[in-house]
Structure formats: C-alpha cells, structure tokens
Amino acid sequence: MDSEPPHEPDEASAPEPEATLPLDPEPTVEAEPGPESAPPPGYTPPWPPRRPAAVPPPKLAMRRPFSIGRLIRTLFVWTFLITIVFPVGLTLVYRFVPPPVTILMVQRLFEGKGLDYRWRPIDRISPALVQAAIASEDAKFCAHHGFDFEAIRKAAAANRRRPGKVRGGSTISQQTAKNVFAWPRRSYLRKGVEAYYTVLIETLWGKRRIMEVYLNVAEMGSGTYGAEAAARRYFGVGADQLTRAQAARLVAILPNPLKYKAVNPGKYVARRSRKIGAAAGTVRNDGLSACVGVLRPATRAERDEPAPVQLPMKRLPAPETPTDPLPPPPVLEPVPVEPELVPEPAPAEPEFKTTD
C-alpha cells in the first residue's frame with residue numbers, strides 16, 4: 001500500500017494574516033558623550049547614565065572691615081533693648097501675671113531658709129493689713145508719685161548724724177520695685193535700678209497693683225513671703241481673716257523679719273504694733289487708702305474688735321545720787337599794780353648870749 005504524500009494547503013485557501021497597527025516608535029534619548037560601553041543586564045535606557053552637575057565651590061565669607069559707625073549702631077541697639085524694651089516688657093507682663101520668684105527668694109533658698117510663697121489677690125486680703133501697711137511704711141502712699149522727697153531728706157539728715165544706724169526713706173512703691181526687680185544688697189547701682197522701676201510701675205501698674213504685689217512678695221519671716229503664707233504660719237488663718245491686731249503685728253516685723261517675731265513678740269514689736277494699729281485707724285477714718293480702690297468689706301468680728309490703743313510711754317524718775325557739796329570758791333589774791341612810769345623831763349637847752 002503506497003503512502004500518500006502530505007497534503008499541502010493551497011495558497012488561495014490559506015488564511016490571510018491579520019492586519020496589525022503600526023507601533024509608535026520609541027522615543028530616542030540622546031546620549032551624552034561618554035565612554036561607549038554596554039549597559040549592564042536589566043538596565044533600561046537612557047544609556048550612558050547622566051553625569052551629575054558639577055557642585056560649585058563654597059563661597060568664602062568675606063570679613064567686613066571694622067567700622068566705628070557699625071559699632072555705635074550695635075551699642076545703641078543693645079542699649080535700647082536692655083534699658084527700654086526688656087524693662088517695659090517685663091513690667092507689663094507683671095501687671096497681669098504674678099511674679100513667679102524674686103532674687104531675694106532665691107538667695108534665701110540657697111541659704112537654707114526654705115520658700116513658702118502663696119499669691120493672693122488683693123480682694124482676698126484683709127483691708128486691715130492694707131491700712132496697717134500704709135500707716136507704718138508710707139503714710140503718703142496715695143499722695144506721691146513713687147518718691148517721698150521729704151522723707152528722703154529727713155533720712156539723709158538722720159544718717160549724717162548717726163552713720164552707724166541707717167534709716168531708710170523708701171516708699172511702698174520703691175520697696176516693691178526693689179523686691180521684684182532688684183537685689184537686696186545696698187549700692188548706688190541698685191538704687192538706680194530701683195528708682196527706674198519705681199517710675200515704670202507707678203506709670204504702668206497703678207496704686208492698687210503696687211499694693212497687691214507688695215503684700216504678696218514682702219519677706220515676713222524666714223522663708224515666708226506674702227500675707228497668705230505669714231497668716232497661715234503665725235495665726236493659722238487666711239490672709240482675708242486677719243484681725244486688726246494681727247495685721248499690725250505682721251507689719252511691725254517688716255523692718256527685720258528675720259529678727260523680730262510676730263508670735264510672742266518682744267517689747268519693741270508689741271509697742272510698735274500698738275502704734276501701727278492706732279495709726280491704721282486714722283488711715284481708715286481719713287480715707288488715706290482710697291487710691292487702693294474698693295477693698296473687701298469688714299466683717300462683724302472686725303468691726304467689733306477694738307482698735308489697738310497706743311499706751312503712753314512711762315518716764316522713769318531720775319536715779320537719786322548723793323551730790324557732793326560744792327567746793328568753796330577760790331580766794332583771789334590782789335594783783336599788784338605797777339606804778340605808771342612818768343618820763344623824766346628833758347633838760348632845758350642852754351641859752352647863748354652874744355655880745356657886741
């Protein structure tokens with residue numbers, strides 16, 4: 001059986017190939033001039049890789065020559081910042097924000113005396129303490145603008161008479177400026193800073209804010225600052241519950257709070273507190289604290305409490321000492337008087353006679 005040859009399809013009956021759309025030519029990337037080498041496997045064009053742009057060398061800073069004008073401008077700017085911008089800005093901040101700490105507080109803390117500082121607004125402080133502070137520290141608080149020049153003149157005269165005992169003439173405004181912005185050490189520089197800030201707080205704060213800050217930052221004992229901390233420590237009450245006698249006692253220790261005691265005081269503090277309490281009644285009756293504004297109304301216990309009365313000073317009689325009799329007056333011997341010397345008469349000149 002013969003095998004048939006394979007059947008070949010006719011060209012006419014062969015299927016026509018499908019028409020294909022022409023493909024877009026791939027974009028060509030111009031290669032930068034470089035060494036001709038084959039790209040690594042799996043690398044996609046462009047080839048060769050683009051070279052990074054050359055980094056320019058860093059510019060050297062040129063030192064500007066020294067200039068007197070530039071130095072003067074720099075000094076002027078720093079002086080303006082230190083003397084105007086910073087003090088005024090800090091004073092404005094403390095007009096609304098309680099001072100967080102003072103230089104004296106930090107110094108006493110490093111000395112190991114502790115720190116008890118509690119801020120209370122003036123609405124929560126007894127009006128008796130405000131009146132006692134004005135009566136003791138600054139009777140003309142509502143009349144002056146930061147400085148009591150008459151008190152300063154009297155203090156200077158007293159210090160010249162007694163150099164060993166320093167007497168101060170600072171007002172409540174000056175003491176507030178010193179406590180908040182300056183340092184406790186005496187010097188002419190501190191006095192200048194104190195005077196500058198006194199003008200600022202008198203201008204930007206007002207009397208009510210000055211009294212409020214003063215009663216909150218004043219040192220009233222070892223590590224005790226402000227009316228609230230002192231009232232809690234000495235009398236076990238808040239600053240709004242202080243009586244007239246207690247307020248006078250707290251103000252009486254302000255000249256030297258590390259030495260004087262508000263509880264079981266000595267004769268000096270007791271006598272001084274009675275004097276302050278009597279003067280506080282004058283401040284209250286005469287309206288000498290009107291510049292502070294409306295204070296908390298007095299409670300019934302405060303109204304019923306009798307005002308401290310200043311006791312008259314007792315004069316002790318002079319000690320009797322036996323007196324020695326006076327010695328007899330000395331006998332004066334007569335002083336011999338020498339006779340007055342009478343000059344002898346001059347001899348008469350001889351007469352000459354002429355003869356013719």
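A single entry from 168, 114, 89, 146 fulfils the requirement of being in contact (Cβ under 8 Å) with a residue 12 or more places away in the chain, among the small types (Gly, Ala, Ser) and more than 22 Å from residue 257 (Cα to Cα): 146. One residue stands out in the stretch 219-231 among those that are out of contact with any strand residue (DSSP E or B) (no Cβ under 8 Å at 6 or more places or on another chain) and touching a residue at least 40 places away in the same chain (Cβ under 8 Å): the one that is surrounded by the most Cβ atoms within 10 Å (Cβ to Cβ), namely 227.
Residues of the stretch 163-179 that are surrounded by fewer than 20 Cβ atoms within 10 Å (Cβ to Cβ) and either touching a Gly at 6+ places or on another chain (Cβ under 6 Å) or under 27 Å from residue 248 (Cβ atoms) (or both): 165, 166, 167, 168, 169.
Counting residues in the stretch 247-259 that are of a type outside the set (Val, Ile, Thr), without any contact (Cβ under 8 Å) to a residue 60 or more places away in the chain and surrounded by 15 or more Cβ atoms within 10 Å (Cβ to Cβ) gives one or more. Screening residue 255 with (1) within 23 Å of residue 102 (Cβ to Cβ); (2) in a helix (DSSP H, G or I) gives one miss only, at (2).
Is it the case that some residue within the stretch 102-119 is β-branched (Val, Ile, Thr), part of a helix (DSSP H, G or I) and either within 29 Å of residue 291 (Cα to Cα) or touching an Asp or Glu at 6+ places or on another chain (Cβ under 6 Å) (or both)? Even if it seems obvious, please write down each step before you answer.
Within the stretch 102-119, the subset β-branched (Val, Ile, Thr) is 102-103, 106.
Restricting the remaining residues to those that are part of a helix (DSSP H, G or I) gives 103, 106.
Those still in the list that are either within 29 Å of residue 291 (Cα to Cα) or touching an Asp or Glu at 6+ places or on another chain (Cβ under 6 Å) (or both) too: 103.
Yes, that holds for at least one residue.
Report those helices (runs of 4 or more DSSP H) wholly inside the stretch 123-213 carrying at least 2 residues which are polar (S, T, N, Q) and touching an Asp or Glu at 6+ places or on another chain (Cβ under 9 Å).
Details: elements: 127-137, 149-161, 172-181, 188-204.
Here the list reads 172-181.
Here residue 202 passes the criteria (1) without any contact (Cβ under 8 Å) to a residue 40 or more places away in the chain; (2) in contact with a His (Cβ under 7 Å, 6 or more places away or on another chain) except the one numbered (1).
No lab work stands behind these numbers, since they all come straight from the coordinates. The structure displayed is predicted, hence computed values, not measured ones. All Cβ positions, glycine included, derive from the backbone under ideal geometry; neighbour counts span all protein chains shown.
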